[in-house]
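Have a look at the structure below before the remarks.
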Amino acid sequence: MPTPSPRRSEDLAHLLTRAERLAARLLQGALEEHGCTLDAWRVLSLLSDGEGHPMTAVAEEAFLPPATLTKLVDHLVDQNLVHRRIDPLDRRRILAHLTPRGATYWRRVDRDVRTRWPALSGGDGDEELLRGLLLRLVDELDGAAAESSV
């Protein structure tokens, strides 16, 4: 007699965790072919907008502690994908930027990731709907976190 498959939880926290882990696994598969890690991809993704970003903002956006980010950015600098510059408006801050090589690398990796990302629907707006719902959830959770820290 076959073993019944476990019932999937419909708990929101469980579903979010499962979706994040499945997405990370899918992304990592595409990234590994380029020698890129998920953490590096998050950093490169942020820097791909062409703006310089303070290291503190990069750490927050990449979900990395500052010391871990510094090691990762050092590695990306060694690969000539990222460079750091002193912020001309605040000389105490360091801004991270993509190098031209980094921008080319980012476009190649991003193109591959996008071709592998499963379409959520046949173009009927589900991706935008999901993005909007997730942004709303993040805003609400950020607000709740801010209130609880007061």
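Here are some notes:
- If only the Cβ of Lys and Arg carry +1 and only the Cβ of Asp and Glu carry -1, the dipole of region 50-143 around its Cα centre is close to 640 debye.
- In the chain, Cα pairs under 8 Å separated by at least six residues give a relative contact order of 19 percent.
- Couplings 3J(HN,Hα) of region 45-56, computed from phi: 4, 4, 6, 5, 6, x, 8, x, 10, x, 4, 5 Hz, in residue order, whole Hz [Karplus 6.51 cos²θ - 1.76 cosθ + 1.60, θ = phi - 60°; x for Gly and Pro].
- Relative contact order computed over region 59-116 (Cα-Cα under 8 Å; 6+ residues apart), in percent: 23 percent
- Karplus-derived 3J(HN,Hα) values for region 138-150, using 6.51 cos²θ - 1.76 cosθ + 1.60 with θ = phi - 60°, are 4, 4, 5, 5, 4, x, 5, 5, 5, 5, 6, 8, 7 Hz; glycine and proline are entered as x.
- Entry for log10 I(q)/I(0) by the Debye sum over Cα atoms at q = 0.10, 0.19 Å⁻¹ (calculated from the structure that is shown) out of (1) -0.31, -1.16; (2) -0.43, -1.15; (3) -0.48, -1.30: (3)
- Neighbour count of at most 13 Cβ within 10 Å plus DSSP loop: longest GluC sites (Glu not before Pro)-free window in the chain: 52-150
- Per residue accessible area in Å² of region 81-150, where ligands, DNA and RNA are left out and the probe is 1.4 Å: 78 Å²
- Three-way shape label, region 66-150, alpha-carbon gyration tensor, a/c 1.5: oblate
- Distant-in-sequence amide H partners of Leu95 (H built 1.01 Å from N, under 5 Å): Arg85, Ile86, Asp87
- Accessible area of region 20-71 belonging to carbon and sulfur atoms, whole % at 1.4 Å probe: 55 percent
- Restriction of the chymotrypsin sites (Phe, Trp or Tyr not before Pro) in region 18-114 to DSSP coil positions whose beta-carbon has at most 12 other beta-carbons within 10 angstrom yields Phe63.
- Our helix-only sum for the chain, with -39,500 (n - 2.57) per DSSP H run of n ≥ 4 divided by its residues, gives a mean residue ellipticity at 222 nm of -20000 deg cm²/dmol.
- In the chain the longest region clear of trypsin sites (Lys or Arg not before Pro) that are loop-assigned by DSSP and have at most 10 other C-beta atoms within 10 Å covers 9-90.
The values are calculated or read from the model by the stated rules, or taken from the named source; none is laboratory data. Predicted, not measured: the structure shown is a model, and the values here were computed from it. Because the Cβ atoms are built from the backbone with ideal geometry, glycine has one as well, and the counts that use them run over all protein chains shown. Note: accessible area is taken over every heavy atom of the protein model, side chains too, but ligands, DNA and RNA are not part of it. Shrake-Rupley method; radii C 1.70, N 1.55, O 1.52, S 1.80 Å.
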